Amino acid sequence: MTAANRAALGTPAAGAPAEPRAGDDPVPPGGSRTDAFRAMGSEVTLTVVGPGPAADEALAAARATIDQVEAACTRFRPSPLTAANADPDAWHAVPAALATAVLEARRSYEATGGAFDPRVLDVLLAWGHDEALAGGPAAVPAPVWPVTLLPSGVRLPAVDRPWQPRVRRRSDGWWLHLAGQPIDLGGIGKGLAVRAAAEALRGAGRGALVDAGGDIVVLGDGPAGDWRVGVEDPAGGDAPVLVLRLRDTACATSSVHRHSWVAGDRPVHHLVDPRTRRPGGEGLAAVTVLGPDPAWAEVWSKSLFLAGAAHVRRHAEGADLCAAWVRRDGAVGMTESFTEHVTWRNDD
Amino acid sequence: MTTDSRRALAVLALVPMTAGAFAGTVAWAADRPVQAAATDPAPVAVPPASAAGGSTVPSGTTLDPGAAAVAEQLDVLRARLATLQAELAAQSEQAAQVQAPQARAATSRAQRTAPAPRPAPPVDTTTRASG
């Protein structure tokens, strides 16, 4: 991020003290350190509250690890993933970040019974989901982006066999075989990057925040006690639908608010149901999941979203998840465990 | 007494006798309904009541003078009732017009006294859509 961009966003450079915002309580002694930059199709903010002597070093390490994961797992520019996708029937030497991401994606595929399946890349490409639609460099003029790539009535081939990628660690490094099918690691890749960044910031101060759009981790204290996290209104309203009080928690949101467009003559979004290969989550606008790990919070938020409004509560309670959801009509639902974190809701 | 007078008295004396004979014939026939009606009478269509609600008298029907008077009074009462209903409707409308501003004022007072939605508290960050 350039100095001009930082100024435009009102975010200081890494190591610079963050200025207090209107309405906030005074930042405790020691202030905070913040670094903001763009990565993985999102604005990323790293914050250390009450920074210790190693805060600047931790911020730099956190940013480096995010860059490392993105470089390994992006599909929007040449990367080890794009190389593996280009020849999915061959073995490829890959960095540890990509091997870890595929292994975690494979575990997620099994845990969700196939609701989480990265083999939807061909669907996203056919619908024209490029970097701009994924939230790239401020090129998306509106939530709906007209593209015409897939004629109406044309159906993509269904995934009818289990996903069984192979990952091997040998003396010369990690190797990956995609078993013939290209993949998209967008969501879980970001979750893993946030996980690594949070580990880098742990202990750097009295508290820390890793915020990568829909994937957040809060550690320890916020600027005014517990971290106060708003849940964005997926309908685009200025006010959040919920305000949460969190500590030492990951928070992931799957929403179609910023990733909906028109492919051919059909409205689509990026949360593809791998079982139908169509836009999933009928009747839902967003799902938020709290949990100990950002990658798994991301996996569960997406899987719950695909359950749709009719089944989201049953799936959330069945998996004992701490989750909230917003229906297309604006109604907000949540599990009982989630209510303990809610300090304000828009219909109060 | 003249011959004409005696003839007139004889005619007058025959009138009750003729009426009595006629009445006796009718009574005799009324005592024998089965024989008088060999088949069931055809159903008679009942004329509908008029839209105005007035009494309906089928043409060709002769009413008892008392019944005719009652029907006439009924028509008068129905007309009076319609008049009263119209007056009541007019009074209700006037009352509504008078009360409307008062009702609006009451609603406005209720809105002023209702608690405003609590604004969102400040937040440290907002979770948006994951990629």
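The values are calculated or read from the model by the stated rules, or taken from the named source; none is laboratory data. Here the structure is a predicted model, which is why all the values come from computation and not from measurement. Backbone-built Cβ (ideal geometry, glycine too); neighbour counts: all protein chains shown.
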Legend entry - All positions within the stretch A:25-51 that are surrounded by 15 or more Cβ atoms within 10 Å (Cβ to Cβ) and either at pLDDT below 50 or more than 24 Å from the chain's Cα centre (by Cα) (or both): A:VAL27, A:PRO28, A:GLY30, A:GLY31, A:SER32, A:GLY50, A:PRO51
Legend entry - Failed condition for A:SER337, given (1) free of Cβ contacts under 8 Å to residues at least 60 places away in the same chain; (2) more than 18 Å from the chain's Cα centre (by Cα); (3) within 14 Å of chain B (Cβ to nearest Cβ): (3)
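Which of the residues that make up the stretch A:77-132 are assigned to a strand (DSSP E or B) and buried (at least 21 other Cβ atoms within 10 Å of the Cβ)?
Kept after step one, since they are assigned to a strand (DSSP E or B), are these residues of the stretch A:77-132: A:91-94.
Residue satisfying the conditions is A:VAL94 alone.
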Inset, instruction - Look through A:VAL287, A:VAL256 and report the one residue that is modelled with pLDDT under 90, surrounded by 17 or more Cβ atoms within 10 Å (Cβ to Cβ) and within 27 Å of A:VAL69 (Cα to Cα). - result: A:VAL256
Inset, instruction - Look at the stretch A:330-342 and say how many of its residues are in contact with an Asp or Glu (Cβ under 9 Å, 6 or more places away or on another chain) and not hydrophobic (A, V, I, L, M, F, W, C). - result: 4
Legend entry - Considering residues of the stretch A:213-225 that are out of contact with any Gly (no Cβ under 8 Å at 6 or more places or on another chain) and more than 9 Å from every other protein chain (Cβ to nearest Cβ) only, the residue modelled with the highest pLDDT: A:VAL217
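Give A:TRP296, A:TRP300 a once-over and let me know the one that is in contact with a strand residue (DSSP E or B) (Cβ under 6 Å, 6 or more places away or on another chain) and either among the basic types (Lys, Arg) or modelled with pLDDT of 90 or more (or both).
Working: A:TRP296 fails: in contact with a strand residue (DSSP E or B) (Cβ under 6 Å, 6 or more places away or on another chain).
On inspection, the qualifying residue turns out to be A:TRP300.
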Legend entry - Residues of the stretch A:187-196 satisfying the condition of being among the charged types (D, E, K, R) and either more than 10 Å from chain B (Cβ to nearest Cβ) or surrounded by fewer than 23 Cβ atoms within 10 Å (Cβ to Cβ) (or both): A:ARG195
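Rundown of residues vs (1) part of a strand (DSSP E or B); (2) more than 12 Å from chain B (Cβ to nearest Cβ), yes/no style:
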| residue | (1), (2) |
| --- | --- |
| A:PRO162 | no, yes |
| A:ARG168 | yes, yes |
| A:TRP175 | yes, yes |
| A:GLY180 | no, yes |
| A:ASP184 | no, no |
| A:ALA198 | no, yes |
| A:ALA208 | yes, no |
| A:ASP211 | yes, no |
| A:ARG228 | yes, no |
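Criterion first (farther than 22 Å from B:THR127 by Cα, in contact (Cβ under 8 Å) with a residue 40 or more places away in the chain and among the small types (Gly, Ala, Ser)) does A:ALA83 satisfy it?
Numbers: farther than 22 Å from B:THR127 by Cα: yes; in contact (Cβ under 8 Å) with a residue 40 or more places away in the chain: no; among the small types (Gly, Ala, Ser): yes.
No: the conditions fail for A:ALA83.
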Inset, instruction - Scan A:ALA22, A:ALA8, A:ALA55 and give me the residue that is modelled with pLDDT of 95 or more and either surrounded by 22 or more Cβ atoms within 10 Å (Cβ to Cβ) or closer than 25 Å to A:VAL218 by Cα (or both). - result: A:ALA55
Legend entry - Pair list, Cβ < 9 Å and 6+ apart or interchain, from the stretch A:307-318 residues that are under 13 Å from A:ALA331 (Cβ atoms) and free of Cβ contacts under 8 Å to residues at least 60 places away in the same chain to residues that are part of a helix (DSSP H, G or I) and among the aromatic types (Phe, Trp, Tyr): A:VAL312/A:PHE305
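So that you can scan it fast, the table gives a plain yes or no per residue for (1) under 23 Å from A:ARG228 (Cα atoms); (2) under 19 Å from the mean Cα position of the chain (by Cα):
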residue	(1), (2)
A:ALA286	yes, yes
A:ASP293	yes, yes
A:TRP296	yes, yes
A:LEU306	no, yes
A:ALA310	no, no
A:ARG314	no, no
A:GLU317	no, no
A:ASP320	no, no
